[in-house]
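The values are calculated or read from the model by the stated rules, or taken from the named source; none is laboratory data. Everything numeric in this text was worked out from a predicted model, so none of it was measured. With ideal geometry, Cβ positions are generated from the backbone for all residues, glycine too; neighbour counts draw on all protein chains shown. Ligands, DNA and RNA are stripped out before the accessible areas are found, and what is left, the full protein with its side chains, is counted by its heavy atoms. Shrake-Rupley method; radii C 1.70, N 1.55, O 1.52, S 1.80 Å.
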Amino acid sequence: AYRWLFRVVILPSDYFGWQPDTPEIDAVSGNFTSMFHSILLITLLYPLLLHRLQLIFPSEKITEAPRAWQDGVNASLELCTGYMIYDTVWGVFARNNFNYALLSTGDWCYVGHHIATSVCMVGCRVIGAGHIFTML
């Protein structure tokens with residue numbers, strides 16, 4: 001939704017002078033979406049880490065933390081995992097019309113990074129530990 005908002009509503013305005021449905025608009029809308037995601041994530045992570053900075057043990061099980069903190073950690077992991085899936089599908093595959101033959105080596109590295117990050121975050125939720133590592 002944010003990418004569409006940037007691509008269709010905000011960027012192709014008279015202020016910027018850009019034409020809709022151009023590669024430039026697509027690239028810039030992807031960058032704006034990434035920045036928006038980062039701002040949301042930092043806004044969520046800052047109070048979580050600040051609140052428990054002196055109480056953090058990297059090997060701590062998430063169930064040992066206060067319930068409100070557990071909810072915040074789960075929300076941050078879900079937000080980031082969802083973004084990784086979204087960014088992979090729309091940032092790489094849709095850009096190439098889902099034609100895998102058009103993907104460059106850099107695209108595959110980008111996809112690999114997103115898959116590895118998602119697996120790491122899902123793994124932290126499954127085993128109930130490692131969340132400090134992913135948040136840092």
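Structure notes:
- Residues located in region 25-63, provided they are over 15 Å from Met135 (Cβ atoms), open to solvent by 90 Å² or more (accessible area, probe 1.4 Å) and at pLDDT 70 or above: Asn31, Met35, Ile39, Thr63
- Close pairs (9 angstrom Cβ cut-off, 6 or more residues apart or separate chains): under 14 Å from Cys124 (Cβ atoms) and acidic (Asp, Glu) in region 53-72, at pLDDT 80 or above and open to solvent by less than 40 Å² (accessible area, probe 1.4 Å) anywhere: Glu60/Ala129
For every residue, the table says whether it meets (1) open to solvent by 80 Å² or more (accessible area, probe 1.4 Å); (2) in a helix (DSSP H, G or I); (3) outside the structural domain of Leu40 (by the TED database); (4) among the aromatic types (Phe, Trp, Tyr).
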residue	(1), (2), (3), (4)
Asp71	no, yes, yes, no
Ile85	yes, yes, yes, no
Ala101	yes, yes, yes, no
Trp108	yes, yes, yes, yes
Val111	no, yes, yes, no
His114	no, yes, yes, no
Thr117	no, yes, yes, no
Gly123	no, yes, yes, no
Val126	yes, yes, yes, no
